């Protein structure tokens with residue numbers, strides 16, 4: 001992997017789930033790491049939900065390998081966008097690479 005390919009700053013955020021004073025579950029996101037990555041738009045679509053047109057975008061993220069990441073408890077913040085990690089591909093671990101597929105969440 002060439003370092004120049006990783007030209008975008010991405011924050012890896014993890015969720016903390018707690019209960020407030022009245023027993024309701026709250027989710028708080030905090031930055032675990034800020035890394036260099038390559039972010040490419042992999043596809044997009046538009047769908048009607050409740051009579052409104054909603055755009056969806058999917059992104060492929062390439063980064064240096066990091067062990068222990070879990071798509072159920074993390075998300076990515078890239079530019080002003082929040083990306084929900086759908087899949088983590090560790091098949092290129094021996095090459096020091098990690099790929100993720102993430103869906104852009106609406107504002």
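Bear in mind that the values in this text are calculations on the coordinates, not laboratory data. Everything numeric in this text was worked out from a predicted model, so none of it was measured. Backbone-built Cβ (ideal geometry, glycine too); neighbour counts: all protein chains shown.
Between residue 89 and residue 11, what length in nm is gained on full extension when 0.36 nm per residue of separation is reduced by their alpha carbon distance?
26.3 nm
Overall size of the chain from C-alpha positions, given as principal axis extents largest first: 49, 37, 23 Å. If you build a Gaussian network model of the chain, linking Cα atoms that sit under 10 Å apart, which residue out of 93, 40, 19 swings the most? Greatest mean-square fluctuation among the candidates belongs to 19. Going from the fewest other Cβ atoms within 10 Å to the most, the residues 61, 17 appear in the order 17, 61.
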